[in-house]
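Before any comments, here is the structure.
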Amino acid sequence: MNIEEVKNDLKQILTEKRYNHSLGTMKMAKVLAKIYGEDEEKAAFAGLIHDVAKEMSKDEILEYVAKHNIEMDEVEEKQLGLMHAKLGASIAKEKYHCDEEIQKAILYHTTGNKKMDKFAKIIYLADKTEENRDYEEVEELRKKAETNLDEAILYTLDFTIQKSIRNKRLIHPDTIDLRNYLLS
Ligand SMILES: [Fe+2]
Ligand SMILES: [Fe+2]
């Protein structure tokens, strides 16, 4: 599938809002890839498809997980929405025939992970800084993302963890691990 075919495919799968978010992430991934010397077209593709599994229903998620023998940890079982990362990575492989670097970037884009490479960091930050995002910290985060990937990720983790605490939401261990790793 070329990029136009993938776009048409995503238009069928995603809501208009999520589709626009995907286009925004695609654009931002390209900008960051250029700054940090990664493959711009590849980053654009990963950004475009990163949320391919985001609109799946609870039943669809469970069905996919069973069919593909995908593991779910305790936090994912309680917060099924997190699974769109693992499922997205799987769909990237099966349906769009993406390489491992793209699969990993999609796998890590929600919780973060200390195993993220530069490419995965770019996709993680593109998702959080794309032009449709309008939360309080986004302007500051955009500046940081364009100057230092690790600092930008640490900043993201700090405010997302704080929000999770305020909203009494679970925090995935990979998120804590990544923060500890970046701090030490
Ligand atoms: Fe996502
Ligand atoms: Fe996203």
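The values are calculated or read from the model by the stated rules, or taken from the named source; none is laboratory data. Here the structure is a predicted model, which means the values were calculated and not measured. Note: ideal-geometry Cβ built from the backbone for every residue, glycine included; neighbour counts use all protein chains shown. What goes into the accessible areas is simple: the full protein's heavy atoms, side chains included, and nothing from ligands, DNA or RNA. Shrake-Rupley method; radii C 1.70, N 1.55, O 1.52, S 1.80 Å.
Here are a few things to note about the model shown:
- Residue within segment 72-81 that is assigned to a helix (DSSP H, G or I), of a type in the set (Asp, Glu), away from ligand 1 (no atom under 16 Å from the Cβ) and within 20 Å of Ala152 (Cβ to Cβ) present: no
- Leading residue by the ranking (nearest to Ile106 (Cα to Cα)) among those in segment 54-74 that are open to solvent by less than 70 Å² (accessible area, probe 1.4 Å) and acidic (Asp, Glu): Glu55
- A search for C-beta distances below 7 Å between a residue of segment 93-109 that is more than 18 Å from Thr25 (Cβ to Cβ) and any residue that is part of a helix (DSSP H, G or I) and at pLDDT 95 or above, counting only pairs 6+ apart in sequence or on different chains, returns Lys93/Gln103.
- Among residues of segment 122-149, those that are closer than 20 Å to Ile171 by Cβ and away from ligand 2 (no atom under 15 Å from the Cβ), counted: 2
- Among the candidates Val52, Val31, the residue that is over 24 Å from Thr147 (Cβ atoms) and either without any contact (Cβ under 8 Å) to a residue 12 or more places away in the chain or not basic (Lys, Arg) (or both) is uniquely Val52.
- Filter result (closer than 17 Å to Leu125 by Cα and in a loop (DSSP other than H, G, I, E, B)) within segment 8-48: Gly37, Glu38, Asp39
- Here Thr110 clears all of (1) over 29 Å from Glu77 (Cβ atoms); (2) of a type outside the set (A, V, I, L, M); (3) modelled with pLDDT of 95 or more except the condition numbered (1).
- Conditions (1) of a type in the set (Gly, Ala, Ser); (2) within 22 Å of Phe45 (Cα to Cα); (3) open to solvent by 70 Å² or more (accessible area, probe 1.4 Å): number failed by Ser184: (2)
- One residue stands out among those in segment 27-82 that are of a type in the set (Val, Ile, Thr) and out of contact with any Gly (no Cβ under 8 Å at 6 or more places or on another chain): the one that is farthest from Ile13 (Cα to Cα), which is Ile35.
Listed here are the residues, each with its yes/no results for (1) open to solvent by 10 Å² or more (accessible area, probe 1.4 Å); (2) not in a helix (DSSP H, G or I).
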{"residue": "Lys93", "(1), (2)": "yes, no"}
{"residue": "Tyr96", "(1), (2)": "yes, yes"}
{"residue": "Ile106", "(1), (2)": "no, no"}
{"residue": "His109", "(1), (2)": "no, yes"}
{"residue": "Met116", "(1), (2)": "yes, yes"}
{"residue": "Tyr124", "(1), (2)": "no, no"}
{"residue": "Asp134", "(1), (2)": "yes, yes"}
{"residue": "Arg142", "(1), (2)": "yes, no"}
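- Pair list, Cβ < 7 Å and 6+ apart or interchain, from segment 68-90 residues that are under 20 Å from Leu48 (Cβ atoms) to residues that are among the basic types (Lys, Arg) and within 16 Å of ligand 2 (Cβ to nearest atom): His84/Lys54
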